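Where a number appears in this text, it was derived from the coordinates with a stated rule and is not lab data. The structure presented is a predicted model; accordingly, all values stated were derived computationally and were not measured. With ideal geometry, Cβ positions are generated from the backbone for all residues, glycine too; neighbour counts draw on all protein chains shown.
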């Protein structure tokens, strides 16, 4: 019994000594005070690519109707909208429109020299799906975007990107870690052309376009880039 008591007492003494040494070693230490800043987008755009015209035995170009969908104020639109009207046999000339929508969101990071972390926050605000001639909306909205990339040029119709990562599809609110992408922009390792959000389809193959009347589209908004940073290392950021 005495031996057990002595062993426990010895351990307690060692722990107390270590705590004292750590405390003495850290006297005068000031851990950095981090700040969090939510940035609003400096630019937003929806790019539309794909094909529109006629395929088959055609003597003149067709005139399929334009897509009826567009983003609202403060929104981007992601997904696709197909139109197909089959021509009459035996030499059919079919009208076709396969529109692909990609959204771009950019942020001004000029006030930062380094960051601790970054997260992209946004909401799915509306969505529609069309199949077998029936268009339906979802409540809560369904997120059809599958991929987050970083732009390789200024926003355009095609919205090309690289450094792609998969996106969650359950929402309607999203919080996606983007620390590595933002660090690349700040360091200059990658030019800052913003984020590109797209899916669920890749670009249309003109040699094998979808021949259907389906659509899947989500409208996204409330974008914020949440930056956590050390003010001492970012003199141009809010202190």
>> So the label point goes 7 Å from the Cα of residue 226 along Cα→C-beta, right? Which residues of the stretch 157-175 then have their backbone N under 20 Å from it?
In response: 166-175
>> Based on alpha-carbon centroids, what's the gap between the stretch 38-68 and the stretch 142-220 in Å, whole number please?
In response: 17
> Can you sort 42, 129 by how many other beta carbons sit within 10 Å, fewest first?
Replying inline: 42, 129
> Over the alpha carbons of the chain, what is the largest minus smallest coordinate on each principal axis, giving the biggest first in Å?
Replying inline: 102, 50, 30
> Does a label point 7 Å from the Cα of residue 163, set along Cα-to-beta-carbon, have any residues of the stretch 179-205 with amide nitrogen under 11 Å, and which are they?
Replying inline: 179-196
> What FRET efficiency do you get for residue 175 and residue 208 if R0 is 30 Å and r is their Cβ-Cβ distance, rounded to the nearest 0.05?
Replying inline: 0.20
> So for 152, 67, 36, fewest C-beta neighbours within 10 Å to most, what's the order?
Replying inline: 36, 152, 67
> Between residue 138 and residue 113, what is the label-to-label distance in nm when each label sits 7 Å out along the Cα-to-Cβ direction?
Replying inline: 4.5
> Which order, highest average first, do 181-194, 153-166 follow once you tally other Cβ atoms within 10 Å for each residue and take the mean per peptide?
Replying inline: 181-194, 153-166
